[in-house]
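Here's the structure we're looking at; comments come further down.
The values are calculated or read from the model by the stated rules, or taken from the named source; none is laboratory data. Keep in mind that what you see is a predicted model, and the values were worked out from it rather than measured. Glycine gets a Cβ as well: all are built from the backbone with ideal geometry, and neighbour counts include every protein chain shown. To get the accessible areas, we keep the full protein, side chains included, count just its heavy atoms, and leave off ligands, DNA and RNA. Shrake-Rupley method; radii C 1.70, N 1.55, O 1.52, S 1.80 Å.
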Amino acid sequence: MPRIERTASLSWEGNAARGTGLMTAGGGAFTELPFSIPSRIAVQQGKTSPEELIAAAHGGCLTTSIASELTKAGAPPERLDVTALIVMDEVQGQGHLVVGSEIDVDARVPGISQAAFDAAVAAADASCPFSILIRASASVTVRARLTA
């Protein structure tokens, strides 16, 4: 696989407590997504946060990794429904840190055994760059279920 580079640009106006920022994806997928300190620690009120974007990134990475592993196993998924949760918490002496990522997968994969499905999910998690990145300092939990 070739080297991959992606960009985002951000702007911020005001102090930390009452200021607001805007995030724009370099590839054009989103423009001027608003974010703020309150959207990170309280009610989001239509704004995003770095943590929400990490959840989306980890979920997206793992989803494509699972689809790839299932396809390699000869059982491409009919559908994958994935929910990703990033947990940030106070760590004594270190401030707020991302302490975990929890991924829930409901998969519709005709013709696959539970053992083959479990093996594909484990391989996908082991090779997902975001799982690897997050595991360097936090826990990653992946729960995957075959659905009818």
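Filtering region 61-84 to residues that are at negative phi and exposed (fewer than 15 other Cβ atoms within 10 Å of the Cβ) leaves Thr64, Thr71, Lys72, Pro76, Glu78, Arg79, Asp81, Thr83.
The number of residues in region 129-148 that are open to solvent by 70 Å² or more (accessible area, probe 1.4 Å), outside any loop (DSSP other than H, G, I, E, B) and in contact with a Lys or Arg (Cβ under 8 Å, 6 or more places away or on another chain) comes to 0. Contact annotation: residue pairs with Cβ atoms under 8 Å, 6 or more positions apart or on different chains, pairing a residue in region 115-128 that is under 8 Å from Ile66 (Cα atoms) with a partner that is at pLDDT 95 or above and loosely packed, with under 13 Cβ neighbours inside 10 Å, are Ala120/Lys72.
Taking the conditions exactly as written (farther than 21 Å from Leu146 by Cβ and part of a helix (DSSP H, G or I)), does Pro2 satisfy them or not? When the stated conditions are applied, Pro2 does not pass them. In region 57-69, the residues that are within 17 Å of Ala123 (Cβ to Cβ) reach residues that are open to solvent by 20 Å² or more (accessible area, probe 1.4 Å) and aromatic (Phe, Trp, Tyr) with C-beta atoms within less than 6 angstrom, at least six apart or across chains, in these pairs: His58/Phe130; Cys61/Phe130. Can you tell me which residue within region 6-22, out of those that are in a strand (DSSP E or B) and without any contact (Cβ under 8 Å) to a residue 12 or more places away in the chain, is farthest from Ser49 (Cα to Cα)? If we take residues in region 6-22 being in a strand (DSSP E or B) and without any contact (Cβ under 8 Å) to a residue 12 or more places away in the chain, then Glu13 is farthest from Ser49 (Cα to Cα). Residue selection: Thr64 fails the criterion of being farther than 30 Å from Ala119 by Cβ and either out of contact with any Ser or Thr (no Cβ under 6 Å at 6 or more places or on another chain) or β-branched (Val, Ile, Thr) (or both). For the criterion of being over 25 Å from Ile132 (Cα atoms) and over 19 Å from the mean Cα position of the chain (by Cα), Glu78 passes. Residues that are within 30 Å of Trp12 (Cβ to Cβ) and of a type in the set (Ser, Thr, Tyr) number at least 1 in the following strands (runs of 3 or more DSSP E) confined to region 31-128: 79-91, 95-108. Counting only residues that are open to solvent by 70 Å² or more (accessible area, probe 1.4 Å) and at pLDDT below 90, which one in region 3-43 is nearest to Cys128 (Cα to Cα)? That would be Arg40. Screening Ala67, Ala84, Ala73 for residues that are within 30 Å of Pro110 (Cβ to Cβ) and touching a His at 6+ places or on another chain (Cβ under 9 Å) leaves exactly one candidate, Ala84.
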